[in-house]
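Note sheet for the following structure.
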Amino acid sequence: MAGVRGIVSLAAAALLLLVLFAGEAMSGEQRRMVGAPVEIGTPENDEGLQRALSFAVAEYNKASNDMYSSRAVRVLSAQRQIVSGIKYMMKVEIGRTTCPKPATDLQSCALHDAPHMAKHSVCDFVVYTVPWLNQTKLLKNTCE
């Protein structure tokens, strides 16, 4: 039993040294803390973010008393954080569409352009997903 503990301790020490030396070899720009949020540079090309955004907007529409559905107009910023799943944090501009609820294909719904009907908001969404368990939750939904 003592031999197994010794091997595990040695492996843990070797892993720690590897992480430390790898960190020293990286420039300050490339260094990232494990589990820290990471910017998503091209949100439109990130499949996981797009699924999380669709989920967040659908949940927003369910909770809204508006008779029209809203849809994402553009992603202002987005981050991903690896936790015990994946957490997506995003700031999104949403707009009221001409489609009454419940609309199924929001991207084909035009935005209202009449001043008295047009409504745009900036929302902060946090979506937590565990893809391997097929679980998704909206943790934060605040709009201005």
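The values are calculated or read from the model by the stated rules, or taken from the named source; none is laboratory data. Small disclaimer: the values here were computed from a predicted structure and weren't measured. Note: ideal-geometry Cβ built from the backbone for every residue, glycine included; neighbour counts use all protein chains shown. What goes into the accessible areas is simple: the full protein's heavy atoms, side chains included, and nothing from ligands, DNA or RNA. Shrake-Rupley method; radii C 1.70, N 1.55, O 1.52, S 1.80 Å.
The figures follow:
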read-out	value
Residues located in region 95-105, provided they are touching a helix residue (DSSP H, G or I) at 6+ places or on another chain (Cβ under 9 Å) and assigned to a strand (DSSP E or B)	THR97, CYS99
Residue that is at pLDDT 95 or above and part of a strand (DSSP E or B), where the choices are ALA52, ALA78, ALA56	ALA78
PHE125 being under 16 Å from LEU138 (Cα atoms), part of a strand (DSSP E or B) and modelled with pLDDT of 95 or more	yes
Selected residue (only one of ARG71, ARG96 is farther than 21 Å from LEU49 by Cβ, charged (D, E, K, R) and open to solvent by less than 50 Å² (accessible area, probe 1.4 Å))	ARG96
Pick from region 82-111, criterion without any contact (Cβ under 8 Å) to a residue 24 or more places away in the chain and of a type outside the set (A, V, I, L, M, F, W, C), ranking: farthest from PRO131 (Cα to Cα)	SER108
Region 126-135 - residue that is more than 11 Å from the chain's Cα centre (by Cα) and either closer than 17 Å to MET90 by Cα or of a type outside the set (Val, Ile, Thr) (or both) and, of those, least open to solvent (accessible area, probe 1.4 Å)	PRO131
Candidates MET33, MET89, filtered to the one that is assigned to a loop (DSSP other than H, G, I, E, B) and out of contact with any helix residue (DSSP H, G or I) (no Cβ under 6 Å at 6 or more places or on another chain)	MET33
Some residue of region 106-122 being in contact with a Leu (Cβ under 6 Å, 6 or more places away or on another chain), assigned to a strand (DSSP E or B), within 18 Å of PHE55 (Cβ to Cβ) and open to solvent by less than 50 Å² (accessible area, probe 1.4 Å)	no
